[in-house]
Amino acid sequence: MTSPSQTAATTSDTPGLGPEGLKKGKTGKGGELVGRSPGQLMWTRFKRDRTGMLCAIIVLAFFVIAALAPVISALYGKDPYTLYGSNDPNLMDEFGYPAGTNGGISPEHWFGIEPQLGRDVFMRLIYGMRMSLGISVAVTILTVITGIIIGITAGYMGGKTDYFLSRVIDFLLAFPSQLTFVAFMPVVVALFVPPSDETPTYVRVCALIIVQWSLGWMGLARLLRGQVLSLREREFVEAAKITGASPWRIIRKELLPNVVTPVLVQGTYMLPLFVTAEAGLSFLGVGIVEPTPDWGALFQAGAHFYENDPAFLLIPAAAMVIFVLCFNLLGDSVRDAFDPKSGR
């Protein structure tokens with residue numbers, strides 16, 4: 001028969017069977033109390049965080065709206081390319097600015113129309129979000145995968161492999177990211193299209209992904225290297241080696257599950273950074289260019305007309321501030337939910 005002290009020790013040492021897991025656990029067959037898994041505990045903590053839940057809903061709404069941009073365009077009856085101001089002279093004044101108040105906001109044009117050209121701002125914003133979020137998600141996925149591979153490889157292999165990969169990381173971290181993005185974008189574009197030819201949008205998209213990914217994975221790789229350096233000396237890894245497990249199995253079964261938390265937390269912080277970086281490149285004219293809608297291109301156009309039409313700049317700016325703020329708060333909530341010592 002197991003003594004109460006042995007039961008308490010076993011409960012405290014088993015993941016998901018600590019005091020919080022038992023207190024919130026479910027009753028299994030025979031009436032015994034079954035503890036919750038670490039993932040269930042994380043979800044329970046996250047649901048208690050009202051700020052995190054609200055931010056998750058707002059962020060999800062941004063992604064859903066961006067993904068359904070063609071459907072919204074069909075229902076709304078407008079697109080981001082048609083020059084509505086030129087087709088209807090009543091929408092523009094003699095100076096080329098929207099005739100209505102607040103940038104021409106009306107039931108026909110919910111966010112008004114663009115000065116000079118007269119395109120619908122609502123559709124430009126939605127398709128711009130679609131472009132920026134799509135690029136940023138692709139960069140984040142590639143960055144996370146690269147950071148995991150290189151970070152875990154350096155930490156687990158050690159020796160010369162660790163030394164070489166660490167020096168590569170240090171070398172790439174020495175580059176100022178924003179200046180390097182601006183400098184290398186024309187170089188990468190020129191690899192696909194001659195300077196004399198017009199650059200297709202898909203080439204610029206690929207160039208943005210390549211440039212941001214090439215200088216975006218080092219921070220995560222260095223973090224995971226430090227995590228794995230400490231984990232590889234733990235008893236469960238040594239036990240796996242004694243049983244004859246291959247390095248791939250040890251990495252997949254023992255190390256990867258223990259670095260899920262920093263990967264998820266860092267991923268939630270990376271994506272808004274890539275969104276602002278991509279918008280900054282388009283604002284500077286080296287990213288997505290006219291007439292393709294883009295969040296940064298909207299800022300660039302709005303900067304020319306903000307004195308006479310401030311709504312044209314404030315609407316996309318407010319949307320980006322809300323998205324970035326909510327995503328950063330969501331990252332804080334995810335970090336707190338994974339931290340068992342957090343009181344939130």
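The values are calculated or read from the model by the stated rules, or taken from the named source; none is laboratory data. In this text, all values refer to a predicted model and were calculated from it rather than measured experimentally. We place every Cβ from the backbone using ideal geometry, glycine too, and count neighbours over all the protein chains shown. Ligands, DNA and RNA are stripped out before the accessible areas are found, and what is left, the full protein with its side chains, is counted by its heavy atoms. Shrake-Rupley method; radii C 1.70, N 1.55, O 1.52, S 1.80 Å.
Couple of notes before you dig in:
- Unique residue being within 28 Å of ILE209 (Cβ to Cβ), open to solvent by 60 Å² or more (accessible area, probe 1.4 Å) and either touching a Lys or Arg at 6+ places or on another chain (Cβ under 7 Å) or aromatic (Phe, Trp, Tyr) (or both) when the list is PHE274, PHE283: PHE283
- The stretch 68-104: number of residues that are of a type outside the set (Ser, Thr, Tyr) and touching a helix residue (DSSP H, G or I) at 6+ places or on another chain (Cβ under 7 Å): 13
- Any hit, the stretch 245-260, residues being under 18 Å from THR161 (Cβ atoms) and touching a Pro at 6+ places or on another chain (Cβ under 9 Å): no
- Exactly one residue out of PHE299, PHE283 is closer than 21 Å to TRP110 by Cα and in contact with a helix residue (DSSP H, G or I) (Cβ under 8 Å, 6 or more places away or on another chain): that is PHE299.
- Restricting attention to the stretch 97-116, the residues that are open to solvent by 30 Å² or more (accessible area, probe 1.4 Å), of a type outside the set (D, E, K, R) and over 11 Å from PHE312 (Cβ atoms) total 6.
- Residues that are open to solvent by 20 Å² or more (accessible area, probe 1.4 Å) and outside any helix (DSSP H, G or I) within the stretch 293-339 comprise TYR306, GLU307, ASN308, ASP339, listed in sequence order.
- Helices (runs of 4 or more DSSP H) lying entirely in the stretch 15-90 (those with 2 or more residues that are at pLDDT 75 or above and touching a strand residue (DSSP E or B) at 6+ places or on another chain (Cβ under 8 Å)): 84-87
- Qualifying positions in the stretch 279-292 - in a helix (DSSP H, G or I) and more than 20 Å from PHE122 (Cα to Cα): GLY280, LEU281
- Pairs linking a residue in the stretch 71-100 that is more than 15 Å from ASP309 (Cβ to Cβ) to a residue that is of a type in the set (Lys, Arg), with Cβ atoms under 6 Å and 6 or more positions apart or on different chains, are PRO80/ARG124.
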